[in-house]
Amino acid sequence: MLTEVTLSAGAETLLEFILRHPTASAALEAWCGAGLPGHLSARVIEDRELPRGTDTPLDGAPLRYRRVELAWADTVVSRAENWYLPDRLPPGVASRLLTTGTPFGVLLEAYAPERRLMAASTVDGADHILEMHAALSLPGRGDVAVVRELYAPALLALKPSS
């Protein structure tokens, strides 16, 4: 269920833009690419298996927790936490998550992911303009991940013209 919130105009525009894309990665590539040359990359801060019985927003095992910073060129545009089920991912995706700086959403693009927004909010005075919680599913595989994303104020300077 979507949490009703009042967002700043910039954060609301960003939210609407993100919701028109199947993944946050696809949205960030389109948003940032319209304003600045570069590409989206993930700097993995943490990726580890969670023990059975851990209280998480996604049920299943084995379960992994991944925390990243997503950057466009040298600018961090988002920070994300991702709880994912490696056994539900298409072949090769889980190993690429562990061995590359390719964002999760980029690795799933070819598999027709669906994104369900669970909540969105802003926090005054924080280092982000928008916080989103969403679930990602793949056809025939069900939910494969739940994410918490924090979008940086730097994104507003890269706002696309349309």
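Worth a mention:
- Label point of His128 set 7 angstrom out along Cα-Cβ; within the stretch 51-69, amide nitrogens under 17 Å from it belong to 57-58, 65-69.
- For the stretch 62-118, convex hull of alpha carbons as volume per residue, Å³: 105 Å³
- Over the stretch 39-158, Cα pairs under 8 Å with separation of 6+ residues give a relative contact order of 24 percent.
- Acute angle (nearest 10 degrees) that the helix 24-33 long axis makes with the longest principal axis of the chain, alpha-carbon atoms: 30 degrees
- A cut-off under 13 angstrom between Cβ atoms defines the neighbours of Arg141, and their net charge, with Lys, Arg +1 and Asp, Glu -1, is -2.
- Once each of the trypsin sites (Lys or Arg not before Pro) sitting in a DSSP loop with at most 12 other beta-carbon atoms within 10 Å is removed, the chain keeps 53-162 as its longest stretch.
- Computing FRET efficiency as 1/(1 + (r/R0)^6) for Arg116 and Ala157, where r is the C-beta to C-beta distance and R0 is 41 Å, gives about 0.90.
- Net dipole in debye of the chain [+1 Lys, Arg Cβ; -1 Asp, Glu Cβ; about Cα centre; nearest 20]: 400 debye
Values quoted throughout were computed directly from the atomic coordinates according to the rules given, and no laboratory measurement underlies them. All values reported here derive from a predicted model rather than from experimental measurement. Because the Cβ atoms are built from the backbone with ideal geometry, glycine has one as well, and the counts that use them run over all protein chains shown.
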